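What follows is a single structure, written as structure tokens, with notes after it.
The values are calculated or read from the model by the stated rules, or taken from the named source; none is laboratory data. None of these values were measured; they are calculated from a predicted model. Positions of Cβ are generated from backbone atoms using ideal geometry, with glycine treated the same way; all protein chains shown enter the neighbour counts.
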Amino acid sequence: MQNIRSAAGLKDTIRLLEIEQTLKKQLLKEQFHQTYESLKPVNLLKSTLEDISSAPYLTDNILSSAIGFVSGYLSKKFIVGSSGNIFRRLFGNIVQISIINLIAQNPERIKRIGWYILQQIVNTKETNSKNS
């Protein structure tokens with residue numbers, strides 16, 4: 001900024017600074033409003049879902065993890081059943097963790113096996129419906 005040497009120059013500089021202050025205040029209000037809107041729970045959920053849907057690798061990882069957990073849980077329930085035996089429950093936990101790890105480490109292989117089984121089921125149903 002240059003040195004101000006007259007009263008008119010001082011008034012002009014003050015007017016310019018007031019205009020600049022008004023513009024900055026308006027920009028700050030707009031930014032605050034945008035931030036406020038983006039932090040609403042509905043908008044947070046919406047943006048999170050958009051991020052998830054735009055990242056296919058993340059969707060695949062979530063799906064693989066979910067399949068692993070469900071498979072592990074079902075295998076544990078199958079082994080343990082309603083037994084109160086502590087060794088059986090311990091064995092069920094070990095099997096559950098093993099299956100979760102196996103599926104998490106080999107998601108592509110599990111997908112191929114799943115598709116193969118699904119195709120076999122569909123082919124069997126088509127064959128049965130043609131024979132009827």
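What the table shows:
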item: Failed item, numbered, when Ile4 is tested on (1) in contact with a Pro (Cβ under 8 Å, 6 or more places away or on another chain); (2) free of Cβ contacts under 8 Å to residues at least 40 places away in the same chain; result: (1)
item: Filtered residues of region 7-56 (kept if at pLDDT below 90 and of a type in the set (Val, Ile, Thr)); result: Val42, Thr48, Ile52
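Per-residue answers, yes or no, for (1) within 29 Å of Trp115 (Cβ to Cβ); (2) acidic (Asp, Glu):
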position	(1), (2)
Asn43	no, no
Ser53	yes, no
Asp60	yes, yes
Gly68	yes, no
Lys76	yes, no
